[in-house]
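We did not get these values from a lab; they are worked out from the coordinates using the rules stated. Just so you know, these numbers come straight off a predicted model, no measurement behind them. Here the Cβ is made from the backbone with ideal geometry for all residues, glycine too, and neighbour counts use every protein chain on show.
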Amino acid sequence: MSNFNEIKEKIAELKKELRAIIVAHNYQRPEIQNIADFVGDSLELSRQCTEIDAQTIVFCGVRFMAETAAILNPDRTVLLTEGSAGCPLADMVNIDELREWKRRYPRASVVCYVNSSAEVKAESDICCTSANGVKVVDSVANDDIIFVPDQNLGHYISTQTKKNIILYPGFCYVHHRIKPEQVKLAKQLHPDAKVLVHPECRPEVIALAEAALSTSQMLCYAKASSHNSFIIGTEEGILHRLYQENPDKSFYLISNSQICTDMKKTTLETLARTMELRQNIVTVPEEVRLKAKQAIDGMLAIS
Ligand code: 13P
Ligand code: SF4
């Protein structure tokens with residue numbers, strides 16, 4: 001029996017022992033997506049976390065996603081498969097910086113992207129993901145909104161709403177480094193392909209795209225479309241499901257640097273080790289959790 005199969009068997013045994021469910025983000029390695037009980041985008045994973053019938057949630061993703069699971073499931077154990085897997089975008093705003101921005105714009109409400117720490121969520125009025133940002137912003141009564149931490153998603157939302165969005169200057173290096181010239185080149189190479197990008201991309205890149213979509217929205221778009229080829233502007237992990245769900249269609253990345261190092265830290269080995277040692281337990285202090293939960297519940301109520 002191969003080592004690969006042994007690890008998979010071990011994970012299956014540990015799942016029973018821990019009464020666990022394994023959830024994974026669309027950017028995870030193919031073998032992790034294949035072994036997971038549920039794969040999705042940030043919104044789907046948040047929703048899934050409210051419907052889970054298990055004692056342990058094993059999260060294959062990055063810290064803020066596991067924290068969201070812990071915020072919504074205080075009675076369950078949440079394990080993050082790789083303790084050091086963070087999101088550099090989420091780390092671009094901390095609680096002190098957000099409080100400073102709130103002092104600067106005292107009349108504005110705060111919408112935080114789910115890619116943020118539990119403390120930042122607790123200090124925000126409502127949370128959003130890339131799938132529901134426009135809907136969430138439109139649901140806020142206030143016309144002035146501080147949006148943290150992603151400037152590109154905030155800018156994209158500002159083009160779809162009448163609200164006055166005050167942009168915090170954070171960005172995701174994976175999406176921000178995609179340049180419009182690279183999109184133009186990809187279009188020259190694949191003239192029949194539709195361009196689908198994530199709203200974390202620069203405005204100049206989004207302007208060249210057919211649509212700006214969350215990762216799961218991209219999957220739905222590609223499946224429903226009568227087109228056969230697509231240029232993809234998000235992390236390369238999405239290709240696994242795109243090809244699985246559309247074996248006869250073609251997908252091209254804009255560049256070869258669409259890789260999120262933190263998302264790739266989870267391997268079958270780290271997954272098995274985390275479960276075996278019950279390590280990387282993600283917890284959120286109760287006071288922070290209750291406030292952060294309000295921001296997430298507000299989002300889930302309108303999504
Ligand atoms: P989605 O919400 O579209 O899955 O995106 C999450 C993310 O981290 C994007 O970089
Ligand atoms: Fe964070 Fe970007 Fe990685 Fe998504 S792709 S987890 S936003 S660093």
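Can you run phi through the Karplus equation (6.51, -1.76, 1.60; θ = phi - 60°) for segment 225-236 and list ³J(HN,Hα) in whole Hz, with x for Gly and Pro?
Couplings: 6, 7, 6, 10, 9, 9, 9, 10, x, 7, 4, 5 Hz.
How much length is gained on full extension from ASN34 to ASP75, taking 0.36 nm per residue of separation minus their Cα-Cα distance?
12.1 nm
Looking at this model, which pairs from LYS163/LYS184; LYS16/LYS291; LYS135/LYS291; LYS10/LYS264; LYS15/LYS265; LYS8/LYS264 are more than 25 angstrom apart at the alpha-carbon?
Check vs 25 Å cut-off fails for LYS163/LYS184; LYS16/LYS291.
Could you state the number of Å between the C-alpha centres of segment 231-303 and segment 34-83?
Computed from Cα coordinates, the inter-centre distance equals 10 Å.
Residues with beta-carbon under 15 Å from that of THR270, excluding THR270: net charge, scoring Lys, Arg +1 and Asp, Glu -1?
Net of charged neighbours comes to +3.
Can you compute the charge dipole magnitude of the chain about its Cα centre, using +1 on each Lys and Arg Cβ and -1 on each Asp and Glu Cβ, nothing else charged? Give it in debye, rounded to the nearest 20.
380 debye
Express in nm, to one decimal, how much length is gained between ARG278 and LYS135 on full extension, taking 0.36 nm for each residue of separation and deducting their alpha carbon distance.
47.7 nm
By the scheme Lys and Arg +1, Asp and Glu -1, what is the net charge of all other residues having a beta-carbon under 13 Å from that of GLN182?
Here the charged neighbours net out to +3.
For the chain, compute the orientation-averaged projected area of the C-alpha convex hull (one quarter of its surface), in nm². Let's see the in-between values first.
Details: hull surface 63.4 nm².
Result: a mean projected hull area of 15.8 nm².
What's the long-distance tail for segment 157-249, i.e. % of Cα pairs beyond 22 Å?
29 percent
Mind ranking 115-127, 239-251, 21-33, 272-284 by how tightly packed they are, going by the mean number of other C-beta atoms within 10 angstrom, highest first?
Per-residue mean Cβ counts within 10 Å order the peptides as 115-127, 21-33, 272-284, 239-251.
Considering only ILE238, TYR252, GLY61, whose Cα is most displaced toward the positive end of the charge dipole of the chain, charges sitting on Cβ of Lys, Arg (+1) and Asp, Glu (-1)?
Of the options given, the answer is TYR252.
If we restrict to alpha carbons, what Rg and Dmax does segment 207-283 come to, in Å?
Reported Rg and Dmax, both Å: 16.0, 47.
Below 8 Å between Cα atoms, with a sequence gap of 6+, how large is the relative contact order for the chain in percent?
23 percent
In whole Å, what are the Cα extents of segment 1-87 along the three principal axes, biggest one first?
39, 26, 22
How would TYR252, TYR168 line up from fewest to most surrounding beta-carbon atoms within 10 angstrom?
Numbers: TYR252 15, TYR168 21.
Taking fewest neighbouring Cβ atoms as first place, the list is TYR252, TYR168.
At GLU100 and LEU290, where each label point lies 7 Å from the Cα along Cα→Cβ, what is the point-to-point distance in nanometres?
Taking the simple label geometry, GLU100 and LEU290 are separated by 3.0 nm.
Mean projection of the alpha-carbon convex hull of segment 103-224 over all orientations, in nm²?
That works out to 8.1 nm², a quarter of the Cα hull's surface.
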